[in-house]
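S.K.: Encoded as structure tokens, here's the structure I'll be asking about.
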Amino acid sequence: MKLIISAFTLLTIFLGLPAIAAPGNADNGKKVYEKRCLMCHGEEGDGAGPGAERLNPPPRDFSEALYKIKTTGADDPVPNDDDLYRMIRDGMPGTAMPGWTDILKEQEIWDLVLYLKTFAELEDEKPEDQLDYGTQVATSPESIAKGKKLFHDADRCSECHGQDGKGDAVKRLKDDAGARTWPRNLTKPWTFRASNDPKDIFTRVTVGIQGTQMPSFADEKSKKKLSIEERWHVANYVQSLAKTKRTVRAENTVVIAEKIDGDLPASADDKVWDVAKLTTFAMVPQIVVKPRFFKAANDTITAQALYNDKEVAFLLEWDDRTKSIPGDEAATKIADPEMSEDAVAVQLPIQPAEGLEKPYFVAGDGAKPVNIWKWSAGTTKSAAKVELSNGQGLEKLEARDGKAVGLTAKGAYKNGTWRVVVKRPLKTEETDSDIQFEEGRFTPIAFAAWDGSNSEKARSYTLTTWYWLLLKPPTSAKPIISGVIMALLLFGLLGWWARNAATKREG
Ligand code: HEC
Ligand code: HEC
């Protein structure tokens with residue numbers, strides 16, 4: 001008997017099967033809950049904890065038992081214990097719900113599962129309707145093509161998820177509790193509450209997402225119903241939408257500007273951009289300076305750069321579910337009551353970085369002011385424009401004349417994505433007030449974006465921390481060893497010297 005159990009346990013570990021439910025202890029679950037979960041989910045389990053107000057989406061109200069990620073039928077109110085176990089263990093990406101695998105023991109999670117069920121008196125209920133997965137259809141170009149057709153037929157999924165799957169909805173969606181919800185951007189799997197594994201997508205399409213407007217496509221009554229096989233095709237298509245080239249990667253910290261002969265492209269569609277490397281950065285809401293902002297809509301931005309003898313150009317690309325044009329009727333329908341313009345900004349220190357020291361990342365500081373180039377999308381009454389300001393922190397922004405220094409920009413919105421080209425001459429006359437670009441030098445660079453439909457304006461926005469920009473010298477030219485590289489080399493040398501010295505002493 002012992003042997004069988006351990007063999008099974010091993011199998012569980014190897015196959016990553018869900019852990020076997022040990023009988024939970026609700027009293028112990030309550031204790032863990034009060035320590036770890038109450039601040040968000042509330043004493044009564046109603047989602048009204050002290051920290052809940054600032055969260056979007058809001059924490060789950062367990063008394064309603066409307067679980068989003070479950071593997072029981074759409075009409076079965078009872079989730080499987082494994083479903084709750086998984087969400088507690090892994091958390092829900094794209095939300096404040098953290099994963100607890102490093103903090104809680106397996107048994108504590110099972111105790112929590114049982115305790116959570118008591119809020120809706122589900123502790124004695126058994127789920128009745130388990131999903132039928134049929135035979136999984138392996139992904140292939142043919143299956144993806146079929147899935148794509150089903151996704152768009154009669155606007156089945158594109159109605160909410162948009163033509164390219166970026167969640168650029170044409171209507172305003174609310175969840176059952178009245179909170180604003182957005183259809184998922186299916187090109188960003190890191191924002192999926194579960195995952196973009198075809199089996200997970202199949203499950204969501206079959207069950208829907210309870211408490212939200214994401215419907216079940218296994219519903220006999222629905223005109224848009226999909227067969228089991230069709231749901232596998234759709235799942236394969238959705239998985240293929242992941243924009244893997246535009247994923248944030250820790251090692252991507254430098255925007256590399258390639259040098260080209262001839263004119264820099266004036267628009268985002270120009271093929272010349274293909275030679276420039278894509279670098280994607282995470283953006284976080286501005287919570288440093290009041291009014292603090294928590295409910296951000298944008299989360300990543302992708303940058304490319306090119307330069308020639310005279311100018312440098314950036315192509316900034318970010319997904320934004322709404323084209324926010326104040327005064328526009330269609331835009332008003334889906335926007336928050338006070339819509340502002342969508343906007344994007346590039347931030348650069350005016351003086352070259354000394355060593356690794358950078359200005360304060362939120363709009364610079366007194367000792368190290370920054371140039372901010374901000375492009376805004378315009379309203380029905382005013383055209384898009386690019387503005388220049390010098391910042392010594394958000395409290396001290398000085399507006400300057402962008403035209404006078406040759407700053408220009410052009411943007412276009414399509415299917416949930418903004419693409420904006422910003423250009424400036426490498427050198428200006430105002431050397432004390434403007435950054436002067438130099439080939440081969442590492443310069444700090446940061447980005448920011450505003451979603452005007454999501455009440456984002458002025459200090460309510462998302463931003464990146466500092467990264468680096470390098471105007472890469474053409475292969476024939478000798479690179480200038482900049483202060484930063486020098487510092488890095490020095491660090492390396494010092495480290496080598498210290499290690500050497502240590503080994504000698506030991507030896
Ligand atoms: C920092 C706030 C926060 C804390 C702490 C927190 N949660 Fe959550 N939790 C959330 C949010 C927000 C959601 C809703 C996410 C969504 O709707 O997509 C959520 C959702 C859930 C869900 C719903 C899963 C589903 O499929 O719908 C469960 C279960 C859950 N939390 C359990 C817990 C447990 C157990 C703890 C403590 C160990 C905990 N949470 C701690 C914020 C929190
Ligand atoms: C009426 C609007 C609507 C339609 C139609 C719709 N969805 Fe959704 N979908 C949503 C919403 C809203 C969410 C986000 C729910 C939430 O708040 O967690 C979502 C979420 C998702 C997710 C995210 C799963 C996760 O783990 O986070 C997937 C995948 C998805 N939908 C696929 C589809 C597919 C495929 C179709 C068509 C077969 C479809 N949706 C049709 C509104 C819709």
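S.K.: Taking LEU122 as meeting all but one of (1) within 16 Å of ligand 1 (Cβ to nearest atom); (2) touching a helix residue (DSSP H, G or I) at 6+ places or on another chain (Cβ under 6 Å); (3) assigned to a loop (DSSP other than H, G, I, E, B), write down the number of the exception.
M.R.: Condition (2) is where LEU122 drops out.
S.K.: Report whether or not GLY91 is farther than 19 Å from GLU44 by Cα, under 27 Å from the mean Cα position of the chain (by Cα) and outside the structural domain of ARG193 (by TED's automatic domain parsing).
M.R.: Numbers: farther than 19 Å from GLU44 by Cα: yes; under 27 Å from the mean Cα position of the chain (by Cα): yes; outside the structural domain of ARG193 (by TED's automatic domain parsing): yes.
Judged against the criteria, GLY91 is a match.
S.K.: Hey, another quick one. Can you confirm whether GLN136 is closer than 27 Å to ASP81 by Cβ, more than 10 Å from ligand 2 (Cβ to nearest atom), without any contact (Cβ under 8 Å) to a residue 60 or more places away in the chain and of a type in the set (S, T, N, Q)?
M.R.: On the way: closer than 27 Å to ASP81 by Cβ: yes; more than 10 Å from ligand 2 (Cβ to nearest atom): yes; without any contact (Cβ under 8 Å) to a residue 60 or more places away in the chain: no; of a type in the set (S, T, N, Q): yes.
So GLN136 does not fit the description; no.
S.K.: Moving on. Please work out which residue is nearest to ILE69 (Cα to Cα), limiting yourself to the stretch 136-186 and to residues that are of a type in the set (A, V, I, L, M, F, W, C) and touching a strand residue (DSSP E or B) at 6+ places or on another chain (Cβ under 9 Å).
M.R.: Step by step, filter the stretch 136-186, then rank; the result is TRP182.
S.K.: Return the only residue of LEU150, LEU112 being buried (at least 19 other Cβ atoms within 10 Å of the Cβ) and either part of a loop (DSSP other than H, G, I, E, B) or within 13 Å of ligand 2 (Cβ to nearest atom) (or both). Full working, then the answer.
M.R.: Values: LEU112 fails: either part of a loop (DSSP other than H, G, I, E, B) or within 13 Å of ligand 2 (Cβ to nearest atom) (or both).
Of the residues listed, the single one that is buried (at least 19 other Cβ atoms within 10 Å of the Cβ) and either part of a loop (DSSP other than H, G, I, E, B) or within 13 Å of ligand 2 (Cβ to nearest atom) (or both) is LEU150.
S.K.: If you don't mind, another one. Restricting attention to the stretch 294-303, does a residue exist that is in contact with a Gly (Cβ under 9 Å, 6 or more places away or on another chain), polar (S, T, N, Q) and in contact (Cβ under 8 Å) with a residue 12 or more places away in the chain?
M.R.: no
S.K.: Here is a further query. In the stretch 12-70, what count of residues is obtained for those that are of a type in the set (S, T, N, Q), modelled with pLDDT of 85 or more and either over 24 Å from ILE209 (Cβ atoms) or within 10 Å of ligand 1 (Cβ to nearest atom) (or both)? Talk me through it step by step, then tell me what you get.
M.R.: Within the stretch 12-70, the subset of a type in the set (S, T, N, Q) is 12, 25, 28, 56, 63.
Adding the requirement that they be modelled with pLDDT of 85 or more leaves 25, 28, 63.
Narrowing the set further to residues that are either over 24 Å from ILE209 (Cβ atoms) or within 10 Å of ligand 1 (Cβ to nearest atom) (or both) leaves 25, 28.
Within the stretch 12-70, residues that are of a type in the set (S, T, N, Q), modelled with pLDDT of 85 or more and either over 24 Å from ILE209 (Cβ atoms) or within 10 Å of ligand 1 (Cβ to nearest atom) (or both) number 2.
S.K.: Among the listed residues ILE209, ILE228, which satisfies the condition of being within 10 Å of ligand 2 (Cβ to nearest atom), under 18 Å from LEU131 (Cβ atoms) and open to solvent by less than 60 Å² (accessible area, probe 1.4 Å)? Write out each step before concluding.
M.R.: Working: ILE228 fails: within 10 Å of ligand 2 (Cβ to nearest atom).
Every option except ILE209 fails the conditions.
S.K.: Continuing with this model, one more query. Got at least one residue in the stretch 298-308 being within 13 Å of SER453 (Cα to Cα) and either assigned by TED's automatic domain parsing to the domain that holds VAL421 or open to solvent by less than 20 Å² (accessible area, probe 1.4 Å) (or both)? Reasoning before the result, please.
M.R.: Taking the stretch 298-308 as the starting set, the residues that turn out to be within 13 Å of SER453 (Cα to Cα) are 298.
Subsequent filtering for residues that are either assigned by TED's automatic domain parsing to the domain that holds VAL421 or open to solvent by less than 20 Å² (accessible area, probe 1.4 Å) (or both) retains 298.
Yes, because at least one residue in the stretch 298-308 is within 13 Å of SER453 (Cα to Cα) and either assigned by TED's automatic domain parsing to the domain that holds VAL421 or open to solvent by less than 20 Å² (accessible area, probe 1.4 Å) (or both).
S.K.: Then there's this: What residue, of VAL289, VAL254, VAL312, VAL284, is among the aliphatic types (A, V, I, L, M) and open to solvent by 50 Å² or more (accessible area, probe 1.4 Å)?
M.R.: Only one candidate qualifies: VAL284.
S.K.: Additional query: Out of all the residues in the stretch 47-88, which are away from ligand 2 (no atom under 16 Å from the Cβ), part of a loop (DSSP other than H, G, I, E, B), in contact (Cβ under 8 Å) with a residue 40 or more places away in the chain and open to solvent by 40 Å² or more (accessible area, probe 1.4 Å)?
M.R.: SER63, ASP75, PRO77
A quick yes/no check of all residues on (1) farther than 30 Å from TRP468 by Cα; (2) away from ligand 1 (no atom under 16 Å from the Cβ); (3) modelled with pLDDT under 95:
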position	(1), (2), (3)
PRO198	yes, yes, no
VAL238	yes, yes, no
ASN252	no, yes, yes
ALA257	no, yes, no
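S.K.: Right, here's the next one. Report, by residue number, each residue of the stretch 167-187 that is open to solvent by less than 20 Å² (accessible area, probe 1.4 Å) and either over 21 Å from the mean Cα position of the chain (by Cα) or more than 10 Å from ligand 2 (Cβ to nearest atom) (or both).
M.R.: Within the stretch 167-187, THR187 is the sole residue that qualifies.
S.K.: Go through (1) of a type in the set (Asp, Glu); (2) in contact with a Lys or Arg (Cβ under 8 Å, 6 or more places away or on another chain); (3) over 24 Å from ILE334 (Cα atoms) and name the single condition ASP299 misses.
M.R.: The failed condition is (3).
S.K.: Now, a different point. For the stretch 264-276, which positions are in a loop (DSSP other than H, G, I, E, B) and either more than 26 Å from the chain's Cα centre (by Cα) or surrounded by 15 or more Cβ atoms within 10 Å (Cβ to Cβ) (or both)?
M.R.: Within the stretch 264-276, LEU264, PRO265, ALA266, ALA268, ASP270, ALA276 meet the criteria.
S.K.: Among the residues of the stretch 356-378, what is the count of those that are open to solvent by 50 Å² or more (accessible area, probe 1.4 Å) and either farther than 16 Å from GLU341 by Cβ or outside the structural domain of THR464 (by TED's automatic domain parsing) (or both)?
M.R.: So the answer is 8.
S.K.: Now a separate question. Can you tell me how many residues within the stretch 71-85 are within 8 Å of ligand 1 (Cβ to nearest atom) and within 22 Å of LEU173 (Cα to Cα)?
M.R.: Number of matching residues: 0.
S.K.: Hey, ALA194 hits all of (1) part of a loop (DSSP other than H, G, I, E, B); (2) open to solvent by 40 Å² or more (accessible area, probe 1.4 Å) but one; which does it fall short on?
M.R.: (2)
S.K.: Do we find that ALA353 is crowded, with 19+ Cβ neighbours inside 10 Å, outside any loop (DSSP other than H, G, I, E, B), in contact (Cβ under 8 Å) with a residue 24 or more places away in the chain and out of contact with any Leu (no Cβ under 7 Å at 6 or more places or on another chain) in this structure?
M.R.: No: the conditions fail for ALA353.
The values are calculated or read from the model by the stated rules, or taken from the named source; none is laboratory data. All values derive from a computational prediction rather than experimental measurement. Every residue, glycine among them, receives a Cβ derived from its backbone with ideal geometry; neighbour counts consider all protein chains shown. Accessible surface areas use protein heavy atoms only, side chains included; no ligands, DNA or RNA. Shrake-Rupley method; radii C 1.70, N 1.55, O 1.52, S 1.80 Å.
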